[in-house]
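Let me begin by presenting the structure, written as structure tokens, before commenting on it.
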Amino acid sequence: NFYNYMNHFGIGHLSGIDLAYENPGRLKMPGDSDWYEADLGTNAFGQGVSATPLQMASAVTALANDGKIITPHVVYATITKDHQTVAETPVISAPIRPETARTITEMLATSLEIEASDALVTGYRVAGKTGTAEIPSRQGYVAGQTNASFAGWGPVDDPKFIVYIWLEKPQSSIWSSVVAAPVFSEIVENLVILMDIPPDKIRMEMASSQ
């Protein structure tokens, strides 16, 4: 059941993005010659699994998009002889129910608020999760170094964006809550301006007046 979910979230699979040389990563499965029962335990908290930042961002879209994962695209549209064709964005998987996605989103948003996370953005309610990954080597995991990440989306009531931060071997701290979360906040502060997304209070007032 666990690996069925991992597959539906796209881990170990090509995302279908319109870029060359995408790497599918690796998800060992029961039945593979190098899979052992112990892998289930370590895979459950992320060890023994290789995934690209694009795969992780794509998987997170299920939480921000009512349980559905959409094929990611770089090209928005093509123009041929003055005719514009917008790229299709088909649903490639729906690993969880809409209510599950909304429940997890609310839990993560509340968690950020309770801990006064550096990922918070003034005027906008966002959801997100840190990732602090140990770095493997042939001698075991590298001491004192990590890869730090943060996946976040918002506004919580009507998500319009997902931002995935990945920092390789950060120097100031090994914890993503310290180094990756603030980067998310800074990017979103600029992103909402570029995307013309009003603060939550203003959006709510505009919606209630219509």
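Tabulated results
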quantity: Lysine pairs in the chain with Cα atoms under 21 Å, if 8 or more residues apart or on separate chains; calculated: 5
quantity: Volume per residue that the Cα convex hull of region 10-164 spans, once the total is divided by residue count, Å³; calculated: 173 Å³
quantity: Modelled FRET efficiency - R0 45 Å, Arg26 with His83, Cβ distances, 0.05 increments; calculated: 0.65
quantity: Highest-fluctuation residue, Ser50, Ser33, Ser93 considered, GNM on the chain with Cα pairs under 10 Å; calculated: Ser33
quantity: Sparsely packed GluC sites (Glu not before Pro) within region 76-163, loop by DSSP, other Cβ within 10 Å at most 16; calculated: Glu88, Glu115
quantity: Within the accessible area of region 143-210 (1.4 Å probe), percent carbon and sulfur; calculated: 56 percent
quantity: C-alpha center-to-center spacing [region 48-123, region 154-175] in angstrom; calculated: 13 Å
quantity: GNM result for the chain, Cα springs below 10 Å: residue of Thr85, Thr42, Thr132 fluctuating most strongly; calculated: Thr85
quantity: Residue among Pro72, Pro98, Pro136 with the largest mean-square fluctuation in a Gaussian network model of the chain, springs linking Cα atoms under 10 Å; calculated: Pro136
quantity: Gain in span if fully extended, Glu168 to Glu106, counting 0.36 nm per residue against the direct Cα distance; calculated: 19.4 nm
quantity: Only Lys, Arg (+1) and Asp, Glu (-1) charged, at Cβ; the chain dipole about Cα centre in debye; calculated: 200 debye
quantity: Accessible surface, the chain, averaged per residue in Å² (probe 1.4 Å); calculated: 61 Å²
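The values are calculated or read from the model by the stated rules, or taken from the named source; none is laboratory data. Keep in mind it's a predicted model, so treat the numbers as computed, not measured. In this analysis, Cβ positions are derived from the backbone assuming ideal geometry, glycine residues included, and neighbour counts consider all displayed protein chains. What goes into the accessible areas is simple: the full protein's heavy atoms, side chains included, and nothing from ligands, DNA or RNA. Shrake-Rupley method; radii C 1.70, N 1.55, O 1.52, S 1.80 Å.
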